[in-house]
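Read the structure below first, then the notes.
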Amino acid sequence: MQDQATTIFLSDAAATRSLGVALGQTLPAGSVLLLEGELGSGKTTLVQGLGEGLGIQDTIDSPTFTLINEYFEGRLPLYHLDLYRLNKTATAELSLETYWDGTEAELGIVAIEWAERLPYKPANYLAIHLIYDVNRGRHLTIRAISQGNSGQDDHGQDNHGQWDAVLAATGVLGDDDRPSTVYL
């Protein structure tokens, strides 16, 4: 599903959280979610569901002032980052790649709010853009990005079909495995 988008219309915050739960139950270690959207669009709500799906019992709040919250009690670690207060230069100094390349942190799920402030991105990630429109409601676009030419992830593992399988398991892909529009 490289660079093909699926749009999901979410009826309310509970639907946003439910999608996060489904992702938390199915995403493999090393997954990176780059979240973009205006204030109040549902980025933190999605990550709260992600934590619930991973089995994390702690309260998950946006780390706007701490920048990074780490949770280790679930089936995989969750690294929740919020770059709202930073510019690209300050973000570059954080060496965030250590969270998705497994060199200094145990591989887990990395969820980055305000990802448009990243000066660089991992080779493989889910780009999730959330929108809240007063007239149309909440929706998101999810796009699996694989920038590597080899078909391997950052750890040398074959990733052909990895995102398709994950998204199919969450019900995000239609029966024909093509990008679709989904209503939750």
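The values are calculated or read from the model by the stated rules, or taken from the named source; none is laboratory data. Fair warning: this is a prediction, and the values are worked out from it, not measured in the lab. When we count neighbours, we look across all protein chains shown, and the Cβ atoms used for this are built from the backbone with ideal geometry, even at glycine.
A compact table of results
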| read-out | value |
| --- | --- |
| Failed criterion for ALA90 (all others in (1) in contact (Cβ under 8 Å) with a residue 40 or more places away in the chain; (2) in a helix (DSSP H, G or I); (3) of a type in the set (A, V, I, L, M) hold) | (1) |
| Qualifying residue in region 114-126 (condition: crowded, with 17+ Cβ neighbours inside 10 Å and part of a helix (DSSP H, G or I)) | yes |
| Test: residue in region 41-52 that is assigned to a loop (DSSP other than H, G, I, E, B) and loosely packed, with under 14 Cβ neighbours inside 10 Å | no |
| Qualifying residue in region 28-37 (condition: surrounded by fewer than 18 Cβ atoms within 10 Å (Cβ to Cβ) and either among the polar types (S, T, N, Q) or free of Cβ contacts under 8 Å to residues at least 40 places away in the same chain (or both)) | no |
| Residue in region 80-96 that is within 16 Å of the chain's Cα centre (by Cα), crowded, with 16+ Cβ neighbours inside 10 Å and at pLDDT below 90 present | yes |
| Residues of region 1-40 that turn out to be in a strand (DSSP E or B), of a type in the set (A, V, I, L, M) and at pLDDT 90 or above, as a count | 4 |
| From the options LEU10, LEU46, LEU33, residue that is under 24 Å from LEU107 (Cβ atoms) and in contact with a helix residue (DSSP H, G or I) (Cβ under 6 Å, 6 or more places away or on another chain) | LEU46 |
| The one condition in (1) crowded, with 19+ Cβ neighbours inside 10 Å; (2) of a type outside the set (A, V, I, L, M, F, W, C); (3) without any contact (Cβ under 8 Å) to a residue 40 or more places away in the chain; (4) in a loop (DSSP other than H, G, I, E, B) that GLY74 fails to fulfil | (3) |
| Residue check for ALA105: of a type outside the set (Asp, Glu), part of a loop (DSSP other than H, G, I, E, B) and touching a strand residue (DSSP E or B) at 6+ places or on another chain (Cβ under 8 Å) | yes |
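Per-residue answers, yes or no, for (1) closer than 18 Å to HIS80 by Cβ; (2) touching a Pro at 6+ places or on another chain (Cβ under 9 Å); (3) without any contact (Cβ under 8 Å) to a residue 60 or more places away in the chain:
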residue	(1), (2), (3)
THR6	no, yes, no
PHE9	no, no, no
ALA22	yes, no, no
GLY42	yes, no, no
GLY49	yes, no, yes
GLY55	yes, no, yes
